[in-house]
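One structure is given below, encoded as structure tokens.
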Amino acid sequence: MRSTTKILSLLLLVLSVALVGCGGADKTAEKKSAEPFRIVTSFYPMYVATINITDGVDGVEVYNMTKPQTGCLHDYQLMTEDMKTLEKADAFVINGAGMEDFMDKVTEQQKKLKVIDASRGIELIHDDEGDNPHVWLSVTNEIAQVRNIADQLKEADPAHAEKYEKNAAAYIEKLTALKNEMHAALDNVPHKDIVTFHEAFPYFAKEFHLNIIGVVEREPGTEPTPTELQETIEQVNALPTKVLFTEPQYSPAAAETIARETGAKIYTLDPVVTGEATPAAKDAYIDTMKKNMKVLQEALQ
């Protein structure tokens, strides 16, 4: 009798331990499923597109990897802090098209990280430096990038696929209205030749039928040589409307030199590469492109 009681007690003990273990496993699974889906973006244009696609989606967090004033990722070197940010990411949204030169290091060290290429399938403009990566400055391409990001996020995070799709459609509708407004404003400006600060605007120029006849600095921060400066001065002097377009992220010193020599007026075009990573950034692309539209309307009369 005692033997039977001991066996029953042992069985009850084992069963209780098993139940506790199962309960613990359930809690672990619950905690794991409750963790947010973390999306990291490479720089500001990708952040703006992504927060529109993920707007109001519970359980999704978006971080921008680079600092607000980083600008284009020309020669950007990954820092230890960046790699730590990517270690916690479920998906990494990049512009692609060669903008993020550091991607080999990322894929080597973060083999399981889902990389979302926003420029997938977009026809690239090839120049002396290779493929030009500034595709988002065409509104048509920006729409394609939003579609790319949404489609790849839906694959990476199917639990929120319906919400991603709904948000992407709403944002694309706004971008389409922007595109139509800009074409109506710029397609018939009387002058089409422009001189830009660096190679950020070929896609913009292609979309709105502008001719970039000169570039002040091929790479930001690299002063033009005396020969290049003289060539640009001659190009500006040949224009019926003498205007130069600088960018707010960089020093206008070289452009100011050209302006003194030619009497050209300086205007600012913003490539939408800097800004604060806050919810208010949702409207940054549309607002900035509208400002660019108004600047060009005035400058090219």
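The values are calculated or read from the model by the stated rules, or taken from the named source; none is laboratory data. Model, not experiment: these values are computed from the prediction. A quick note on method: Cβ atoms are made from the backbone with ideal geometry, for glycine too, and the neighbour counts reach across all protein chains shown. Note: accessible area is taken over every heavy atom of the protein model, side chains too, but ligands, DNA and RNA are not part of it. Shrake-Rupley method; radii C 1.70, N 1.55, O 1.52, S 1.80 Å.
For Arg218 paired with Glu61, estimate the spin-label separation in nm (one decimal), with each label point 7 Å from Cα along the Cα-to-Cβ line.
4.3
For a quick check: with amide H placed at 1.01 Å from N, whose amide H comes under 5 Å from Ile116's, ignoring anything fewer than 5 positions away on the same chain?
Placed amide hydrogens put Phe92, Val93, Ile94 under 5 Å from Ile116.
May I ask you to derive the relative contact order of the chain, considering only C-alpha pairs under 8 Å and at least 6 residues apart, and to give it as an integer percent?
17
Take peptides 117-123, 138-144, 158-164 and line them up by average Cβ neighbours within 10 Å, highest first, as a rough protection proxy. Before the final figure, lay out the partial values.
Details: 117-123: 17.3, 138-144: 21.7, 158-164: 15.7.
Those peptides, ordered most packed to least, come out 138-144, 117-123, 158-164.
Which residues' amide hydrogens lie under 5 Å from the amide hydrogen of Val243, considering only partners 5 or more residues apart or on another chain, with H built in the peptide plane?
Lys265
By how many degrees, between 0 and 90 and to the nearest 10, does the Cα long axis of helix 226-237 differ from the longest principal axis of the chain?
The angle comes out at about 70 degrees.
Filter Lys242/Lys291; Lys174/Lys242; Lys88/Lys290 down to the pairs with a C-alpha to C-alpha distance above 30 Å, please.
Values: Lys242/Lys291 20 Å; Lys174/Lys242 33 Å; Lys88/Lys290 36 Å.
Going by Cα-Cα distance, Lys174/Lys242; Lys88/Lys290 fall outside the 30 Å limit.
Carbon and sulfur together cover what percent of the accessible area of the chain at a 1.4 Å probe radius?
Roughly 52 percent of what the probe reaches on the chain is carbon or sulfur.
Using alpha-carbon pairs under 8 Å, 6+ residues apart, how would you state the relative contact order of region 155-248 in percent?
Computed over region 155-248, the figure is 25 percent.
With +1 on each Lys and Arg Cβ and -1 on each Asp and Glu Cβ, how big is the dipole of region 150-243 about its Cα centre, in debye rounded to the nearest 20?
340
Please give the net charge around Tyr203, taking every other residue with its beta carbon less than 14 angstrom from that of Tyr203, where Lys and Arg add +1 and Asp and Glu add -1.
Charge balance near Tyr203 sits at -4.
Taking semi-axes √(5λ) of the Cα gyration tensor in Å straight from the coordinates, which label in [x] 26, 23, 20; [y] 47, 21, 16; [z] 53, 20, 14 is the correct one?
For semi-axes √(5λ) of the Cα gyration tensor in Å, the calculated option is [z].
Going toward the positive end of the dipole of region 163-274, with +1 on Lys and Arg Cβ and -1 on Asp and Glu Cβ, which of Ala255, Pro226, Ile172 do you reach last?
Toward the positive end, the furthest listed residue is Ile172.
Quickly estimate the mean residue ellipticity at 222 nm for the chain, helices only: each DSSP H run with n ≥ 4 gives -39500 (n - 2.57), and the total goes over all residues, rounded to 500.
Details: 10 runs with 146 residues, N = 301.
-16000 deg cm²/dmol, from helical runs alone.
When DSSP beta bridges are limited to those with both residues in the chain, what percentage is antiparallel, rounded to the nearest 5?
So the antiparallel bridges amount to about 10 percent of the total.
Give the shape of region 144-301 as rounded, prolate or oblate, defined through the alpha-carbon gyration tensor: a ≥ b ≥ c are the square roots of its eigenvalues, a/c under 1.5 means rounded, and otherwise the shape is prolate if a/b is larger than b/c and oblate if not. Walk me through the numbers before you get to the answer.
Working: a/c = 2.79, a/b = 2.00, b/c = 1.39.
Cα axes put region 144-301 in the prolate bin.
Based on Cβ point charges of +1 for Lys and Arg and -1 for Asp and Glu, what charge dipole magnitude is obtained for the chain about its Cα centre, in debye rounded to the nearest 20?
In total the dipole reaches around 1700 debye.
Could you compute Rg(Cα) / (2.2 N^0.38 Å) for region 27-141, with N its residue count? Write out the running numbers ahead of the final one.
Numbers: Rg = 15.2 Å, N = 115, 2.2 N^0.38 = 13.4 Å.
The value comes to 1.14.
Can you give me the accessible area per residue for the chain, using a 1.4 Å probe, in Å²?
It amounts to 52 Å² per residue over the chain.
Can you work out the PRE-style zone for Gln230? Point 7 Å along Cα to Cβ, and I want the residues of region 250-268 with backbone N under 16 Å.
Output list for this probe position: 258, 261-262.
Only Lys, Arg, Asp and Glu count, each charged at its Cβ (+1, +1, -1, -1), so figure out the dipole size of region 165-301 about its Cα centre, rounded to 20 debye.
460
Under the definition of Cα pairs under 8 Å and six or more residues apart, what whole-number percent is the relative contact order of region 107-170?
With pairs under 8 Å counted, the relative contact order is 28 percent.
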